[in-house]
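Structure record follows, encoded as structure tokens.
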Amino acid sequence: MTVDVTAAEAEFERTATAYRTHLSRGRAALGELFGRELEQSATGAWVRTNRGRALLNCGGYGVLLMGARHPRVVAAVRAQLHTLPVSTKLLLEPVAAKAAAALTAVAPSTMDKVHFACSGAEAVETAIKLARTHGRTHLISARDGYHGKTLGALSVTARSVFQEPFRPLLPGVCHVPYGDPDALRRELAAHEGRAALILEPVQGEAGVVLPPAGYLAEAQRLCREYGAFFILDEVQTGLGRLGHWWGADRERITPDVLVVGKALGGGVLPVSAVLATESAFRAFDRDPYLHTSTFSASPLAMAAVCGAIEAIQEGGLVEAAGRLGEHIRTKLSALCQDILGSRVREVRGAGLLIGIEFSKPGLAADLLAELMAAGVIANHSLNSAQVLRLTPPATLDEAELDFLVQAFATAARAVAG
């Protein structure tokens, strides 16, 4: 494809000017840093730019488990768009019922209740409110955890750089070391019968931090012992990202509430959900107006949910995530050892949530930029500047895997100098 470079540059500058004027000067600066290109279209694992480049999308922060515009999801959304995209909220609506049934069918056992929302942070707010309906007002989260940036979600997101401009946040919040059951026990015992614990099965924004084996099961046991409400934040890890349907499944646990988002909309629409046990959901069951949102369970989003779950099931994407993740980690570990040596501390992950931790500041950002130059989109980690993150789709074919490995080798050599 022939691209008019002058026209592409002019289009970027118009867009960047609009960003600077109306959206964010900082975002405009990032756009300039990453090659002065505009996202133009996306299909499967690829993003195409206005300069004619095709980029393998191993980023997207976990949204694109099934790639961009999966045919099953697009067909479901298109059909709904032409019938009932937005509902009155007064009458019952069948697509919401279908989506709830589909989601609970793949959820951990006894999690039969659902509240749909639009973003992960909004779902976390809902989970906190559910805990409050049970008198659990003392919130416990893990250091370096990430749960969103709305006020309640930010209160349990243990990163001062995000919190400081917005203090005071919710009262009665503390943070314990991730993976430390003794510290958790002390905090739960100090607030027996009044606490709510929120954890991630794997800390994504902390740099893909995996807990010790058995930690989540022990956390659940301690919550039961001390009468705490247990919330599992699976916004990034749920729906197959870890090579299991849920991080909860890895240790066969059932929290009071499980929060899901990102991949739930099939990479087409923003949608999240709170899954809950019947007991945890009791107050919302009793009063449907206690917690509401105009676009909660909108028919268009519910069609995307149905399409996404069908796509995961039909494509065997949960199993594929486990298989591909192991293959990618093995290949990248070998490349890091051969090319970067001691500059890489570890390549780790579960399924297709992969982190590369560097031993020196700045190298993760350098590799991120070099990967983009080599044709691969990756992610930084909001709570760990020394970890580069890969969240590729579970639909990668052999040629795309080879492209990723070769691009990584090229980028690693550039960083190595």
Note to self: Regarding region 100-111, can at least one residue be identified that is more than 23 Å from VAL235 (Cβ to Cβ), more than 21 Å from the chain's Cα centre (by Cα) and assigned to a loop (DSSP other than H, G, I, E, B)?
What the structure shows: no
Note to self: Could you go through region 27-35 and let me know if any residue there is in contact with a helix residue (DSSP H, G or I) (Cβ under 9 Å, 6 or more places away or on another chain), at pLDDT below 95, assigned to a loop (DSSP other than H, G, I, E, B) and on the phi > 0 side of the Ramachandran plot.
What the structure shows: yes
Checklist line | Those residues of region 302-342 which are under 17 Å from LEU64 (Cβ atoms), surrounded by 20 or more Cβ atoms within 10 Å (Cβ to Cβ) and not β-branched (Val, Ile, Thr), in sequence order | finding: ALA304, GLY307, ALA308, ALA311, LEU317, ALA320, ALA321, LEU324, GLY325
Check: Only one residue in PRO270, PRO288 is part of a loop (DSSP other than H, G, I, E, B), in the same structural domain as ALA213 (by TED's automatic domain parsing), free of Cβ contacts under 8 Å to residues at least 60 places away in the same chain and under 21 Å from SER119 (Cα atoms). Which one?
Finding: PRO288
Margin query: Against the condition in contact (Cβ under 8 Å) with a residue 40 or more places away in the chain and surrounded by fewer than 22 Cβ atoms within 10 Å (Cβ to Cβ), how does HIS134 come out, does it pass?
Written below: yes
Check: Just wondering, is there one or more residues in region 252-262 that are assigned to a loop (DSSP other than H, G, I, E, B), without any contact (Cβ under 8 Å) to a residue 40 or more places away in the chain, out of contact with any Gly (no Cβ under 8 Å at 6 or more places or on another chain) and farther than 29 Å from LEU216 by Cβ?
Finding: no
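Condition check ((1) under 24 Å from GLY267 (Cα atoms); (2) touching an Asp or Glu at 6+ places or on another chain (Cβ under 7 Å); (3) in contact (Cβ under 8 Å) with a residue 60 or more places away in the chain) across all residues:
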{"position": "ILE354", "(1), (2), (3)": "yes, no, yes"}
{"position": "SER359", "(1), (2), (3)": "no, no, no"}
{"position": "LEU363", "(1), (2), (3)": "no, no, no"}
{"position": "ALA394", "(1), (2), (3)": "yes, no, yes"}
{"position": "ASP397", "(1), (2), (3)": "yes, no, no"}
{"position": "GLN406", "(1), (2), (3)": "no, no, no"}
{"position": "THR410", "(1), (2), (3)": "no, no, no"}
{"position": "VAL415", "(1), (2), (3)": "no, yes, yes"}
Notebook entry, point to check: If only one of PRO177, PRO201, PRO181 is in contact with a helix residue (DSSP H, G or I) (Cβ under 6 Å, 6 or more places away or on another chain), surrounded by fewer than 14 Cβ atoms within 10 Å (Cβ to Cβ) and touching a residue at least 24 places away in the same chain (Cβ under 8 Å), which one is it?
Noted result: PRO177
Check: Tally time: how many residues in region 38-77 are assigned to a loop (DSSP other than H, G, I, E, B), touching a helix residue (DSSP H, G or I) at 6+ places or on another chain (Cβ under 7 Å) and under 22 Å from GLN203 (Cα atoms)?
Finding: 4
Note to self: Quick check on my filter: what residues within region 137-147 are surrounded by fewer than 24 Cβ atoms within 10 Å (Cβ to Cβ) and either within 27 Å of SER384 (Cβ to Cβ) or in contact with a strand residue (DSSP E or B) (Cβ under 6 Å, 6 or more places away or on another chain) (or both)?
What the structure shows: HIS138, ARG143, ASP144, GLY145
Note to self: If I filter region 32-61 down to residues being within 22 Å of the chain's Cα centre (by Cα) and small (Gly, Ala, Ser), which single residue comes out as surrounded by the most Cβ atoms within 10 Å (Cβ to Cβ)?
What the structure shows: ALA45
Notebook entry, point to check: Of (1) surrounded by fewer than 12 Cβ atoms within 10 Å (Cβ to Cβ); (2) within 24 Å of LYS262 (Cβ to Cβ), VAL95 satisfies all except one. Which?
Noted result: (1)
Next item on the list: Could you check how many residues of region 137-173 are part of a loop (DSSP other than H, G, I, E, B) and either under 20 Å from the mean Cα position of the chain (by Cα) or closer than 22 Å to GLY261 by Cβ (or both)?
Entry: 12
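The values are calculated or read from the model by the stated rules, or taken from the named source; none is laboratory data. What you see is a predicted model; the values in this text were computed from it and never measured. Every residue, glycine as well, gets a Cβ built from its backbone with ideal geometry; the counts of neighbours run over all protein chains shown.
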